[in-house]
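This report refers to the structure that appears directly beneath it.
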Amino acid sequence: GWEALASTAAVLKYSSKLDAINLTNEHENRGFIINPNNDESNKESVLTVKLTGKGNVIFGEGKVKLVSPGNDYTGKTQVISNSHLVIGKGSSLGYTTGLKNEGTVDASEVENVVLVNGETSNSGLLIIGQNTFTTTTYNGNGTIQVSTLLKGEDSETGKLVVTEKATGEGKVKVVVRE
């Protein structure tokens, strides 16, 4: 269950009758705030509603999993400190034009490539797992975590693909699985 969605103006309670949220605020550092307000540190709220429109989305404190493969919003995605965003489907980030991660973004459950059409700024933890995370530019002083299976030369390992420019002095953590 989803506990609450909060915007800068009011609180909107999520219900099964809500089909989509149309994002409209494209101003820098502003947008629709999704604040799951998890009381338990590992409790995960699942957001099944479609995010659409032209606007930014900000994930507040707590843990939320995006599972709608139909998300088609354009705008920037921000994950603030003390928040945890799990990308459950490859297209759950829609056509985001930038990702600013100050918390945790977990793309390890995605079945295909996660794509950010713009800059990914990472000062938190970006978990790629054995998948591919593709972005136009990358600026990071945070940690990138990839996984690999221990099975020889043909082991699949997660990767960050930057199509233009990468900057920063972050860390890479490799998790080896048997």
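The values are calculated or read from the model by the stated rules, or taken from the named source; none is laboratory data. If you're wondering where the values come from, they're calculated on a predicted model, not measured in any experiment. Glycine gets a Cβ as well: all are built from the backbone with ideal geometry, and neighbour counts include every protein chain shown. SASA here: full protein model, heavy atoms, side chains in, ligands and nucleic acids out. Shrake-Rupley method; radii C 1.70, N 1.55, O 1.52, S 1.80 Å.
Return the total of residues in region 103-155 being part of a loop (DSSP other than H, G, I, E, B), in contact (Cβ under 8 Å) with a residue 24 or more places away in the chain and open to solvent by less than 20 Å² (accessible area, probe 1.4 Å). Residues that pass the stated criteria total 4.
Set side by side, the residues THR136, THR157 differ, and just one is among the hydroxyl-bearing types (Ser, Thr, Tyr), at pLDDT 90 or above and either closer than 26 Å to GLY62 by Cα or touching a strand residue (DSSP E or B) at 6+ places or on another chain (Cβ under 9 Å) (or both), which is THR136.
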